[in-house]
Amino acid sequence: MLPSLLPRPPTDFQQPPTAAEITAFAARLLGPDAMITEAVELGGGAFNNTFRLTTADGRRSILRISPPPAHPLIFHVEHHLLRREHSLTPWLSAVSEFLPRTLATDFSHEICPRDAILSEFIEGENWDAVMPTLTPVDNDALWRELAALLRRIHATPAPHFGWKSPATPHPRWSDFILGNIRGLLADCQKLGLPDTEARVWTAVAERCAPALDLISEPRVLHGDPWPKNVLIRRDDGAPRIVALLDHERGGFGDPQSEWVFHGCDFPPVFWEAYGPRPTDSASQIRAHLYRGTIAIQCLLESTRYPDVDTATPRQHLTTATQKLQNLLTKL
């Protein structure tokens with residue numbers, strides 16, 4: 001079996017493992033008796049390399065392989081993503097019927113210095129890809145369904161703040177959020193990015209710990225709950241969600257910190273089903289902190305993808321700085 005790889009330039013961040021390494025991972029995780037007939041790399045993601053495996057008996061599964069952990073463009077918030085996802089999965093039991101079942105893992109680095117997870121294959125269409133072909137009524141129904149799933153996740157109490165193992169737990173929400181901000185700023189400096197707006201914003205963010213620590217009861221977070229990570233099925237004509245994918249960036253904390261709540265334009269029908277956003281001053285401070293953190297990550301993304309816009313996140317940081325300063329003077 002020769003894996004089918006996506007065409008990638010040598011400068012691409014998502015360089016795949018070698019064909020021999022992919023074959024070795026597949027054989028180890030599927031077992032010695034599995035005859036693998038196909039390994040096709042799938043697009044759509046921006047971090048791991050993902051392959052659809054097929055065996056001689058027609059069974060399909062999904063193999064995800066991480067980048068090498070020493071890659072210079074892995075940012076502070078991205079270390080050990082597959083391991084963190086694996087550790088978090090039991091905490092998402094409220095939506096377990098929508099999670100692909102993990103079949104096997106290999107975190108040994110014996111084949112190569114990368115992590116690998118084998119998951120069940122779920123038949124479905126990517127909601128983001130087919131969204132334009134659906135009726136407004138159908139899309140509205142899916143937004144309500146996604147809201148209901150997130151309400152179930154966010155209602156689950158968590159034992160601490162931060163990510164799951166192998167990350168270090170945090171006793172306070174401010175420790176986790178401000179630690180991430182400092183780490184991302186350090187990434188900017190390490191990579192030689194112009195960081196004036198980020199440094200000014202970070203200095204103001206450091207004054208926001210009291211607003212962050214009003215979040216005293218951590219809840220489970222998915223980390224990436226948007227239509228690109230949702231599979232739907234239209235068996236009876238009406239679409240329904242059948243899978244919620246890729247919770248590797250999830251953890252424990254404030255449900256309002258889900259990046260999609262600040263970096264995506266979710267429609268009113270979602271918020272009607274999920275519930276309104278809090279509007280008190282402390283909640284507004286936290287929201288500007290979350291948006292600023294996303295903006296710094298967007299700046300960092302420009303080191304992976306040269307065509308990424310950097311003017312917009314810099315403007316977002318400047319605006320967030322001004323709004324944080326105004327809100328802090330009112331407390």
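Quick notes
- Members of segment 151-200 that are surrounded by fewer than 19 Cβ atoms within 10 Å (Cβ to Cβ), charged (D, E, K, R) and under 30 Å from PRO90 (Cα atoms): ARG151, ARG152, ARG172, ASP175, ARG182
- Helices (runs of 4 or more DSSP H) contained in segment 117-211 and holding at least 1 residues in contact with a strand residue (DSSP E or B) (Cβ under 6 Å, 6 or more places away or on another chain) and modelled with pLDDT of 95 or more: 127-130, 136-154, 173-190
- Looking across segment 315-326 at every residue that is crowded, with 20+ Cβ neighbours inside 10 Å and either of a type in the set (A, V, I, L, M, F, W, C) or in contact with an Asp or Glu (Cβ under 8 Å, 6 or more places away or on another chain) (or both), the one that is nearest to LEU185 (Cα to Cα) is identified as LEU317.
- Residue tally, condition touching a residue at least 24 places away in the same chain (Cβ under 8 Å) and surrounded by fewer than 15 Cβ atoms within 10 Å (Cβ to Cβ), over segment 290-314: 1
- Flag if THR54 is polar (S, T, N, Q) and in contact with a strand residue (DSSP E or B) (Cβ under 6 Å, 6 or more places away or on another chain): yes
- Failed condition for THR133, given (1) more than 13 Å from GLY250 (Cβ to Cβ); (2) in contact (Cβ under 8 Å) with a residue 24 or more places away in the chain: (2)
The values are calculated or read from the model by the stated rules, or taken from the named source; none is laboratory data. Not measured: the values here are computed from a predicted model. Note that each Cβ is placed from the backbone with ideal geometry, even for glycine, and that neighbours are counted across all protein chains shown.
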